[in-house]
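The numbers here are math on the coordinates, done by the rules we state, and not lab data. In this text, all values refer to a predicted model and were calculated from it rather than measured experimentally. Heads up, the Cβs are rebuilt from the backbone with ideal geometry, glycines too, and the neighbour counts pull from every protein chain shown.
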Amino acid sequence: MTTLTSHGTRIMKGIPASPGIAIGRAFVLSTDSPSVQPDVLNEHEIPVELARFATALDATTTELLNAIELARKESSTVISIIESYVLIASDPVMTSAIVGRIKKGVPAETAVLSEFDVHKTILYGARDSLLRERVQDFEHVMERIIAALRNRTLSHEQAGNSIVVSGSITPQDMLFFKQLHTLGYVTEIGGINSHSCILARDFGIPAVIGIRNATDIIESDSIVIVDGFAGIVIVNPETDTLNEYITKHREVVEYRGRLGALVGEPTTTKDGIALTLKANVDSPTQVDAAIMAGCQGIGLVRTEMLLVQIGRYPTVDEQTAWYRDIAERAYPLPVTFRAFDVGSDKFRDGIPHHEENPALGLRGIRFLLYRPDIFENQICAILRTSANRNVRLMLPMISTLEELEIAKHMVEKCKARLAFEGVDFDPEMPLGVMVETPAAALMAPIYASRVDFLSIGTNDLAQYTLATDRTNELVANIFDAMHPAVVRLIAMTVEAARTAGIPVSVCGEMAGHAAATEMLVGIGIHELSVSPPLLLELKHRIRSVSHADCVELVKQISQCNTTTEVYAVLGSLQSWRDGGESSV
Ligand code: PEP
Ligand code: MG
């Protein structure tokens, strides 16, 4: 989508492919689009044409092999990517088919284009989006062979310190551009799975893809802003917009700098036990902050926040757009969408009448099963979002096996519907449940054998275990997830997941609480999901504890009879609601 303002500023919306802000002059990389020539060769021209093709193929392979050498210093991902190009270029079936065409009198360029077209058409027809995106690999190799046939190679030098605008960008271009300190990328095509996008993220270079006709619309040397968080490209910005983005760019750099020391560090205890750190988010923009802080995925998207935001149940398309925004910003990191947890103190539209005791009423999965129309729409929207294979679905407030089984059946029904409609989705999309009722924790061994992952919601697990309204100040002194009963349920859940061989995380507030880290590590939790600003502090704490000490600590906690005793063992008498975060 393009908007042209009266000041000649163009604002274009594409797909955010690599986070960050880049501001600079455009370098438009236009390659002649090769077209099929109808000519037929004379008999004597055939050997010349065969030799020309052999030389071009040789030059292409040499260029690719040189790029592999360059890649050895940069990224191992790139090596395998370029190796896959070499495989395409040297595929004997493909090359002998091209040679066969030339021998029949077809000029080399036409033979190359026609043969690659056959393969591209097959890939385009694939249901699997990953396979479809491989069309670009074929296109890159084809463009290179054609360029070599025309004795024309791209001049990378001009791209230094600028924003590259191109139809597509190959990984080997990326390597050269990185060396020249290219500021950002804008491309016309390219899925977020494309190798070049993976590289842009690896190299930390902001990129927006999928801007149609970018190479026609954007002129070389014009000032361009690339907002790789939102997927926006602004050409010839007005002064105010430019200043706003200069400030945003500076803030991003400063923020990264402050937290930078820990961002790239592993989340490993002193004795080498690795944990996964994910983020809880309520909106697409929060994903950016989480990624900047180096999270390893989004462990909880509270999708009911979309309902709160728009005040009604959205259509499948509206939901899909919101979920995609989140999943694409996080890609390739996994994102766990929790189905609407409506009811209780949250969004209440659609609850048929006033409930005396809403926290124990039609909440979470109970409401979703009561309104299968709303639930199925959401499942379909999340499945639609799953095509890139980085999406998981999580069920809130499960307390009976029947709820889980009916929900699973509805997911299968939605998959069948989408498959029938020819919609692309991940047929293996992982399904998990939240353990936030005592029933779910006690039944965890059964549930764990029927799902792909568990996630412990300590906020509600405490509320329901202690029969204490989490929002009621009058009983706030009782509401504490550090109560031994809650801790035991957490430990039972972790054990059930371990036995079933599935991952288990904690996504309730306890995950980010300073006093709880050692206990959770000692219990055997390997994944924690917290709000983005807590990520680095939590990483800092994990890196400063020893797993062996934590295990010893948990042995002592298992002897505790009261919340106060638990805090005493943890060396902190401070209630977690009073805060108490340590500083980085
Ligand atoms: C929880 O209950 O711990 C949880 C993460 O879910 P929510 O806070 O959204 O109820
Ligand atoms: Mg909850």
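Defining a contact as two alpha carbons under 8 Å apart and six or more residues distant in sequence, what relative contact order in percent does the range 468-525 show? Please list the in-between numbers first.
On the way: 24 pairs, mean separation 15.1, N = 58.
Normalised by residue count, the contact order of the range 468-525 is 26 percent.
To the nearest 500 deg cm²/dmol, what mean residue ellipticity at 222 nm is calculated for the chain from DSSP H runs of n ≥ 4 alone, each contributing -39,500 (n - 2.57), summed and divided by the residues?
Numbers: 24 runs with 281 residues, N = 584.
Dividing the helical sum by the residues of the chain leaves -15000 deg cm²/dmol.
Could you line up VAL224, VAL252 from fewest to most neighbouring Cβ atoms inside 10 Å?
The order, fewest Cβ neighbours first, is VAL252, VAL224.
Order by neighbour count: HIS181, HIS354, HIS483, fewest other Cβ atoms within 10 Å first, most last.
Exposure proxy ranking, most exposed first: HIS354, HIS181, HIS483.
For Cα pairs less than 8 Å apart in space and 6+ apart in sequence, what is the mean separation divided by the residue count of the chain, i.e. the relative contact order in percent?
Working: 1086 pairs, mean separation 78.2, N = 584.
Averaging sequence separation for qualifying contacts and normalising by length gives 13 percent for the chain.
Taking only complete DSSP H runs, can you tell me which helices of the chain stretch 18 Å or more along their own long axis by Cα positions and average at least -0.5 on the Kyte-Doolittle scale? Could the numbers behind the result be given before it?
On the way: long enough: 45-74 (43 Å, 0.13); 76-89 (20 Å, 1.72); 108-124 (23 Å, 0.34); 135-149 (21 Å, 0.52); 239-263 (35 Å, -0.53); 316-330 (21 Å, -1.02); 372-385 (19 Å, 0.26); 401-421 (30 Å, -0.20); 484-500 (24 Å, 0.96).
Correct list, ordered by number: 45-74, 76-89, 108-124, 135-149, 372-385, 401-421, 484-500.
Find me the longest stretch of the chain that has none of the exposed trypsin sites (Lys or Arg not before Pro), where exposed means in a DSSP loop (not H, G, I, E or B) with at most 15 other Cβ atoms within 10 Å. Intermediate results must be reported in sequence, preceding the final value.
On the way: sites that count: LYS104, ARG127, ARG150, ARG152, ARG212, LYS270, ARG312, ARG450.
Looking at the chain, 313-449 is the longest stretch - no exposed trypsin sites (Lys or Arg not before Pro) with at most 15 other Cβ atoms within 10 Å.
So what are the radius of gyration and Dmax for the Cα set of the chain, in Å?
In Å, with Rg to one decimal and Dmax whole: 27.5, 96.
So which lysines can LYS248 reach, going by Cα to Cα under 24 Å and dropping same-chain residues fewer than 8 places off?
Partners within reach: LYS13, LYS178.
Could you compute the longest span of the chain free of GluC sites (Glu not before Pro) located in DSSP loops and having at most 14 other Cβ atoms within 10 Å, not counting the site residues? Numbers along the way, then the final one.
Numbers: sites that count: GLU43, GLU219, GLU238, GLU356, GLU428.
So the longest stretch without any such site is 44-218.
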